[in-house]
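I have placed the structure first, in the form of C-alpha cells, so that the comments after it can refer back to it.
The values are calculated or read from the model by the stated rules, or taken from the named source; none is laboratory data. No experiment lies behind these values; they were computed from the predicted model shown. Backbone-built Cβ (ideal geometry, glycine too); neighbour counts: all protein chains shown.
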Amino acid sequence: MRVGIDFDNTIISYDEVFRSVARDWGLIDDGVSARKQSIRDYIRLLPDGDVTWQRLQGHVYGKGISSARMFDGVDSFLSRCRSEGCAVSIVSHKTKFGHYDLDSVNLREAALSWMEERGFFHDARYDIPIENVYFEESRAAKLVRIAALDCTWFIDDLEEVLGDPAFPADVAPILFSAGAMARGPFAAFHIWSDIEEHLFRDRQ
C-alpha cells in the first residue's frame, strides 16, 4: 500500500492566514468569506488584482506558512498509515519562489520547515522519510512523479489534477474537497476521517 498526497490545501490549510493577511493589507473587509477561493475571487476583481493576488499568495506560502494549520484528521490519517505500514509520499506542484514575492522566500524550504516542526519526519510521529517529499515545477512534472512512485492512491484537492489525461490510470484518485461540491468521476470526501475509513476499510 502506497499513498501519495498533495501538500497545499490538501494537508495544510491556509484559509485563516489568507484572511488575516488580506485584512492587514486592506484588501478585504469582514464581508468576504474566510475561504481562500472567495478571497482570491474578490481580490482578482481589484485593480491589478492578479498581481496583488500572486503577491499575497507568495507571502502566505512563504513568511506566513508558520501560521497555517494542518487540516483536521490529517494527524490521525498519517498515524494510521504508519501503523498499517502504508508508505507515504508528498508530491507538490511548488516553485522555489513565489511570483511577485518581494521577500524572495524559498517556498520549498518553508514547506519543509513546516512539516519538520509538526513531526512529519520524526520517528516518534509520522516517520515519513524526507526523501519522500517531492516539489515539482509544473503540473506535468507532478503527474510524471505520481506515475513513477507507483502509488496505490493519490489524494489531491484539485479536480483538474486528478482528471488530467496524464494522471496514471493505475493510481486510484481521491479528491479532498473541503467545503466544495465535487464534480469529477472519482471518490470525493469533505473530511479526512472519511478518507481514512475509505482507504483502510478492509483493515478494521
Among (1) part of a strand (DSSP E or B); (2) surrounded by fewer than 21 Cβ atoms within 10 Å (Cβ to Cβ) - the single one V91 does not satisfy: (2)
Test: residue in the range 162-185 that is in a loop (DSSP other than H, G, I, E, B), of a type in the set (S, T, Y) and modelled with pLDDT of 95 or more: no
Residue that is outside any helix (DSSP H, G or I) and touching a helix residue (DSSP H, G or I) at 6+ places or on another chain (Cβ under 7 Å), where the choices are V32, V21: V32
Top-ranked residue of the range 98-116 - restricted to ones that are assigned to a loop (DSSP other than H, G, I, E, B) and surrounded by 13 or more Cβ atoms within 10 Å (Cβ to Cβ), ranked as modelled with the lowest pLDDT: D101
Which numbered condition A147 fails, given (1) in a strand (DSSP E or B); (2) over 20 Å from I65 (Cα atoms); (3) at pLDDT 95 or above; (4) not β-branched (V, I, T): (1)
S138, sole failed condition from (1) out of contact with any strand residue (DSSP E or B) (no Cβ under 9 Å at 6 or more places or on another chain); (2) exposed (fewer than 15 other Cβ atoms within 10 Å of the Cβ): (1)
